[in-house]
Structures are given as structure tokens and as C-alpha cells.
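One structure is given here, and the rest of the page talks about it.
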Amino acid sequence: MDKIEHIGIAVRDLEAAKGVYQNLLNTPVYKTETVETEHVITAFLQTGPNKIELLTATHPDSAIAKFIDKKGEGIHHIAFAVADIRAEMTRLKAEGFTLLSDEPKPGADNKLVCFVHPKSANGVLIELCQEIA
Ligand code: ZN
């Protein structure tokens, strides 16, 4: 894996959270995007080389809604950039990691993504993401 691509934070109120993080990082949100398939709206901020993704649910069935119900707001996942997501998925499966999908899915910010189950990674949801060329 290449580097941490972003850290995802689950929030109840996206507009309020945007305000908080814009003030915290002293930089504007550069992109807000709905990911219909995941029932989430995401907002990205960048500070230096690092990105924060704020995520809010658009539907009670969304994984973000379930996460917040169970654990409250907070860090939801850590995303790693990978050059070849399919190769990385094959490698991780062979290492015994549980992946949440068999195929990469289109994610926010022009990426193909796949998640590694938190059970496989000491309680942390891991996202792999590959830039769509
Ligand atoms: Zn993410």
C-alpha cells in the first residue's frame, strides 16, 4: 500500500461538521459528493498532503447511520491508496483478511474502493482506494 489516502469521519449533521472542520483546518471543503449506492454524502478537505472525508447518511439503512447508532460520531475508517486494487484484494484474501466485497466499487472522489472488515484489522475499518485513471 502506498500511503494513507484519507481518514473518514462519520457525522450526524454534514453542514455543521463542514463548518467545524473548515475552522479546524483553516481550509474550505473542496468537494461534496453523494455516493448513491452507499446512501452517503461525503465532503473532503485537504491540509498539506492529508485528506479528511466527512460522511453522513442519507438513509437509515446506510452503514454510516448504523455506525453512528452503535458508536456515535467519530473516526469511521482509514483509507490507503493502492496502485492496483484487485492485486491488493487478492493479496489480502490470501493473507486471511475478510473483504466486504468481492469486486472493487466506485467510491467518492473518483476512486475504486474496497473495504476490509474491522474484525480483520483490530477493530478498524480499512478502505483500499485506487485512483480511476
Ligand atoms: Zn473513505
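Any residue at all in the stretch 50-57 that is within 20 Å of A16 (Cα to Cα) and away from the ligand (no atom under 11 Å from the Cβ)? So far as the stretch 50-57 goes, yes, one or more of its residues are within 20 Å of A16 (Cα to Cα) and away from the ligand (no atom under 11 Å from the Cβ). With respect to being touching a helix residue (DSSP H, G or I) at 6+ places or on another chain (Cβ under 9 Å) and modelled with pLDDT of 95 or more, L45 fits the description. For beta carbons closer than 6 Å, sequence separation of 6+ or different chains, a first residue in the stretch 108-133 that is closer than 24 Å to T34 by Cβ and a second that is near the ligand (Cβ under 9 Å from one of its atoms) and of a type in the set (G, A, S), the qualifying pairs are V113/G107; E127/A79; C129/A79.
Just one residue in the set K51, K3 is over 17 Å from V124 (Cα atoms) and either hydroxyl-bearing (S, T, Y) or in contact with a strand residue (DSSP E or B) (Cβ under 8 Å, 6 or more places away or on another chain) (or both); that residue is K51. For the stretch 114-128, give me each residue that is part of a strand (DSSP E or B) and among the charged types (D, E, K, R). E127, the sole residue that qualifies. Take the conditions (1) within 11 Å of the ligand (Cβ to nearest atom); (2) in contact with a Phe, Trp or Tyr (Cβ under 8 Å, 6 or more places away or on another chain); (3) not β-branched (V, I, T); G8 misses just one of them, which is (2).
Scanning the stretch 110-131 for residues that are of a type in the set (V, I, T) and either surrounded by fewer than 20 Cβ atoms within 10 Å (Cβ to Cβ) or away from the ligand (no atom under 14 Å from the Cβ) (or both) returns a single hit, V124.
The values are calculated or read from the model by the stated rules, or taken from the named source; none is laboratory data. This one's a predicted model, so the numbers in the text were calculated from it and none came from an experiment. All Cβ positions, glycine included, derive from the backbone under ideal geometry; neighbour counts span all protein chains shown.
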